[in-house]
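Read the figures in this text as sums done on the coordinates, not as results from a lab. All figures in this text were calculated on a predicted structure; none of them were measured in a lab. Here Cβ is always computed from backbone atoms with ideal geometry, including for glycine, and neighbour counts include all displayed protein chains.
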């Protein structure tokens, strides 16, 4: 058997990150994985949002079952578990969709994991090997890691592994300022491909979805943000003493558009009703994700 | 009849001849054994001498390699081999590791790169998986060493 080319595999690891909660990160990650699978890829999504997992809900999985949390609690000699959710795909293509959820319901597992994370357990010795082994055994073309928005130690491992980072930001000054701060971190600076994806969405305290601005105003606002962000990114780089090359954070051309239907759909998420994009493939939000998936597909395939 | 009396017929019997042969061979073996032991002692002495020379030269070599890298850095020469690592962060981690010819811990490399220890440990463990580094546990510490071989090196 040919040994796996880990350098090539590493190029297929996409980390989805946001600095704050409620930016639509998990929604985008799930629907992105779905689109990539619909495009014929074998996509594996890992819910690394250990404190507030949602992928099981988004994919409409029943509660319980093996999870990333279980693996992190007792990793010795085990593989990262996953379940095949290809049946969620609408098309009959050759794509496959795999999901590793995080534990939502088992309090003992959550407490054990919390204790391990609080102890500052270093997962850098086990996660890279386990992920590469998983990618090899599943034959995954792309691995999408949905992270938790903190500066926790385990996030350093996800960020240390990837070469394609999607930073989800809402279209407002606070999120953009946070994103600018995040880009100054050494770990993030090291990542070659950083894509800032603007999501025209915000949640209220009850997690109801609204938009930041009207969809028709997005283009204008985006042009303004691009000018501002480009200036800040450039001046940040000039301040640096290192000469690792230009700061290559890119603002993705097309923001993810808010959808009224998404708002209604999210209110029913607890019913585990499946993916939005599957139900509403031609909706503005879904079309945005389809386009983003094509961009990511090209980005990870071309290199 | 005396117990020590040997009949005349026995003195020239084939049995006596055999016993004499055995005694002679044993003496021969003893002599060879002594020579073997001497040869082993000589070999050990020579081996120790060679090993000492080898270690002395290796230490001197490491010292000069280290000095050459440091001096090259100072004068802007790049003596670091170009390994075919596409990933910029992994390559930087490998170069930092290469500068520690006796190996280094993740903490040491993190200090060199001004990066979080866990991040650097992720880089180093990925390099180990890609066979660009090896790791050894010595006591409580894990030491990493850059691996340079035909597979991993692009000659400059």
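Using Cβ counts within 10 Å as a stand-in for footprinting exposure, how do A:148, B:143 rank, fewest first? Please list the in-between numbers first.
On the way: A:148 21, B:143 17.
Neighbour counts put them in this order, fewest first: B:143, A:148.
Per-residue mean of foreign Cβ neighbours for A:10-18 is 1 (Cβ atoms of other chains, 10 Å radius). Over the protein assembly as shown, dividing the summed -39,500 (n - 2.57) contributions of all DSSP H runs of at least 4 residues by the number of residues returns a 222 nm mean residue ellipticity of -15500 deg cm²/dmol. Binning all Cα-Cα separations of the range A:46-97 at 10 Å, short to long from zero, yields these whole-percent fractions: 21, 48, 27, 5.
Taking R0 as 41 Å, what's the FRET efficiency between residue A:261 and residue B:131 from their Cβ-Cβ distance, rounded to 0.05? Mind showing how you got there, number by number?
On the way: r = 50 Å, r/R0 = 1.22.
In this case the efficiency is close to 0.25.
With a simple spin-label model that places each label point 7 Å from the Cα along the Cα-to-Cβ direction, the separation between residue B:45 and residue B:102 comes to 3.3 nm. The relative contact order of chain A, computed from alpha carbon pairs under 8 Å that lie at least 6 residues apart in sequence, is 25 percent. For the segment A:154-164, counting C-beta atoms of other chains within 10 Å of every residue's C-beta and taking the mean gives 5.
If you take the Cα centroid of the range A:4-18 and the Cα centroid of the range A:104-135, the two points sit 19 Å apart.
Would you mind getting me the FRET efficiency between residue A:87 and residue A:268? Use the beta-carbon distance for r and R0 = 22 Å, nearest 0.05. Don't skip to the answer; put the middle values down first.
On the way: r = 20 Å, r/R0 = 0.91.
Approximately 0.65, to the nearest 0.05.
As a proxy for reagent exposure, ranking B:127, A:176 by other Cβ atoms within 10 Å from fewest up yields A:176, B:127. Shape index of the protein assembly as shown: Rg/Rh, with Rg the Cα radius of gyration and Rh the Kirkwood radius from the inverse mean 1/r over Cα pairs, equals 1.26.
Potential lengthening of the chain between residue A:8 and residue A:203 amounts to 66.4 nm, from the contour at 0.36 nm per residue minus the alpha-carbon distance. Per residue, the average separation of C-alpha pairs within less than 8 Å and at least 6 apart gives the range A:1-70 a relative contact order of 21 percent.
With both labels modelled 7 Å from their Cα along Cα-to-Cβ, the residue B:29 to residue A:114 distance reads 7.8 nm.
By the Cα gyration tensor, the range B:80-146 has an equivalent ellipsoid whose semi-axes, rounded to whole angstrom, run 17, 13, 11 from largest to smallest.
FRET efficiency for the pair residue A:279 and residue B:138, taken as 1/(1 + (r/R0)^6) with r the Cβ-Cβ distance and R0 = 56 Å, rounds to 0.50.
Order these by the 10 Å Cβ neighbour count, fewest first: A:210, A:71. Mind dumping the intermediate values first?
Values: A:210 11, A:71 21.
Ordered from fewest to most neighbouring Cβ atoms within 10 Å, A:210, A:71 come out as A:210, A:71.
Binning the C-alpha pair distances of the range B:11-72 at 5 Å intervals from 0 yields a P(r) profile of 4, 14, 10, 10, 8, 9, 7, 7, 6, 6, 5, 4, 3, 3, 2, 2, 1, 0 %, listed from the shortest bin outward.
Over the range A:57-128, what is the relative contact order in percent, taking alpha-carbon pairs closer than 8 angstrom and at least six residues apart?
Values: 67 pairs, mean separation 24.2, N = 72.
Here the relative contact order equals 34 percent.
By per-residue mean of other Cβ atoms within 10 Å, what is the highest-first order of A:27-33, A:6-12, B:54-60? Display every interim value, and only then the final one.
Values: A:27-33: 27.6, A:6-12: 18.4, B:54-60: 10.0.
Descending mean neighbour count gives A:27-33, A:6-12, B:54-60.
Modelled spin-label separation between residue A:133 and residue A:223, with each label point placed 7 Å from Cα along the Cα-to-Cβ direction: 5.4 nm. Separation of the range A:154-227 and the range A:54-81 by C-alpha centroid, Å? The distance from the Cα centre of the range A:154-227 to that of the range A:54-81 comes to 27 Å.
Taking beta carbons within 10 Å but only from partner chains, what does the mean come to for residues B:105-118? Each step should come with its number before you reach the end.
On the way: counts 0, 3, 0, 0, 0, 1, 0, 0, 2, 2, 7, 11, 4, 13.
Averaged over the peptide's residues, the number is 3.
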